Amino acid sequence: MADAITILSPSWSDANSSKSLANRQATDCTVNAAFLAGIVETVSGSYSGGVENFPRFLEDWSNDTFTYNGSMVVMFDSIYATGLWQGTGSAFDIYNPPTRNWNFDTNFTNPAKIPPGTPSARVLVRGTWTAITPKYPLN
């Protein structure tokens, strides 16, 4: 759970973090996890990057695959990671997108298999109500 989630491939190097995109080459990786995070809202004239950019990237993923098995949940607006999505490619020097191989992990549909602390919701549906007469008089 985070304000925003950034995926870094196994070849990520902090030493290259301030270098150009050409120096931040990703390699294939797989993540099995649930993402619960904020997002920057899409508003008129400003695209947030959509679900395809819900997990953020900082590397050149050209010809590399990011495999994701899990569940993505947006529950709030990001508070800290609020920069607008600026696009991809060397012109922006932020990232090139991966080939996305994304799947919902059906284990999340089985309460016996979900991780401890996983949020859940219950729904109370109001049915027929009956007024009960008190057994003893109220003073």
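The values are calculated or read from the model by the stated rules, or taken from the named source; none is laboratory data. Because the structure is predicted, anything quoted here is derived from the model rather than measured. Here the Cβ is made from the backbone with ideal geometry for all residues, glycine too, and neighbour counts use every protein chain on show. All accessible areas refer to the heavy atoms of the entire protein, side chains included, with ligands and DNA or RNA removed. Shrake-Rupley method; radii C 1.70, N 1.55, O 1.52, S 1.80 Å.
Computed quantities for the displayed model
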read-out	value
Residue that is farthest from residue 98 (Cα to Cα) [pool: residues in the range 1-16 that are modelled with pLDDT of 90 or more and open to solvent by 80 Å² or more (accessible area, probe 1.4 Å)]	14
Set 108, 92: member being part of a loop (DSSP other than H, G, I, E, B), modelled with pLDDT under 90 and out of contact with any Asp or Glu (no Cβ under 8 Å at 6 or more places or on another chain)	92
Matching residues, the range 90-119, being within 17 Å of the chain's Cα centre (by Cα) and open to solvent by 100 Å² or more (accessible area, probe 1.4 Å)	104
Yes/no for residue 17 being of a type in the set (Gly, Ala, Ser), in contact (Cβ under 8 Å) with a residue 24 or more places away in the chain and more than 30 Å from residue 118 (Cα to Cα)	yes
Within the range 76-89, considering residues that are assigned to a loop (DSSP other than H, G, I, E, B) and open to solvent by 70 Å² or more (accessible area, probe 1.4 Å), the one farthest from residue 40 (Cα to Cα)	86
The range 5-16, subset out of contact with any helix residue (DSSP H, G or I) (no Cβ under 9 Å at 6 or more places or on another chain) and not in a helix (DSSP H, G or I), residue nearest to residue 78 (Cα to Cα)	5
Selection from the range 17-33 of residues that are surrounded by fewer than 18 Cβ atoms within 10 Å (Cβ to Cβ) and touching a helix residue (DSSP H, G or I) at 6+ places or on another chain (Cβ under 6 Å)	23
Residue check, residue 101 among the polar types (S, T, N, Q) and in a helix (DSSP H, G or I)	no
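Yes or no, residue by residue, for (1) within 16 Å of residue 9 (Cα to Cα); (2) open to solvent by 30 Å² or more (accessible area, probe 1.4 Å):
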| site | (1), (2) |
| --- | --- |
| 45 | no, yes |
| 52 | no, yes |
| 56 | yes, yes |
| 60 | yes, no |
| 65 | yes, yes |
| 70 | no, no |
| 74 | no, yes |
